[in-house]
Amino acid sequence: VKYMFRPDPVAKSNSVQKTVHEELAKNLASILRPANTDPLVVTRFLKHAWFFFDVLLKSMTLYLIDRDRVKMPRNERFSGEYQYKLQNLLSVVTLHIIQKSKDCREETKSANNSLANFVKNCFTLMDRGYVFKLVSRYIENFNPGDSKA
């Protein structure tokens with residue numbers, strides 16, 4: 001992911017191109033929905049979440065560079081639709097981190113660190129107010145007595 005990754009955009013029917021980060025955020029959120037998730041899939045996702053978050057970041061960065069959006073104001077770089085998809089993904093991942101924290105300590109710790117690194121890197125690419133809202137929503141899910149892992 002760090003060295004070579006430049007996907008060809010996939011065209012939608014109305015000639016607007018889909019991006020890897022938009023599709024990955026949308027589909028990961030739907031795969032990880034609690035109603036239709038296999039526990040083994042969740043455990044494996046938590047263990048390898050770093051990979052998916054790295055792909056998201058790399059795709060977001062390439063999108064900004066390729067579309068010459070780096071110099072745009074941060075609040076205009078990504079669509080509201082993508083921000084909504086990303087918010088849904090982080091909500092679902094947070095839910096699984098909380099639910100699995102007692103059963104799969106190593107996997108949830110790894111996923112939590114991966115999520116933290118992803119959000120930290122989002123401060124560089126996205127509207128910082130939006131990223132702070134993501135952090136706030138994440139923190140709201142925890143109670144004072146919850147595990148620190």
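Here, each number is a calculation from the coordinates, and none is a lab measurement. For clarity, every value in this text was computed on a predicted model and none was experimentally measured. All Cβ positions, even for glycine, are placed from backbone atoms using ideal geometry, and neighbour counts span all protein chains on display.
A few notes on this one:
- Among the trypsin sites (Lys or Arg not before Pro) in region 32-124, those placed in a DSSP loop whose Cβ has at most 14 other Cβ atoms within 10 Å are R67, K71, K102.
- Counting other Cβ atoms within 10 Å as a rough exposure proxy, the listed residues C104, C122 run C104, C122 from fewest neighbours to most.
- Estimated FRET transfer efficiency (L95, N117; beta-carbon r; R0 25 Å; 0.05): 0.85
- Exposure proxy shown here: for M60, M72, the number of other Cβ atoms within 10 Å sets the order, fewest to most, as M72, M60.
- The stretch between S30 and I139 holds 37.0 nm of extra length on full extension. This uses 0.36 nm per residue minus the Cα-Cα distance.
- Between the labelled values (i) 45, 30, 30; (ii) 55, 46, 27; (iii) 49, 41, 34, the entry that holds Cα extents along the principal axes in Å as derived from this structure is (i).
- The spacing between region 17-51 and region 64-117, judged by their C-alpha centroids, is 11 Å.
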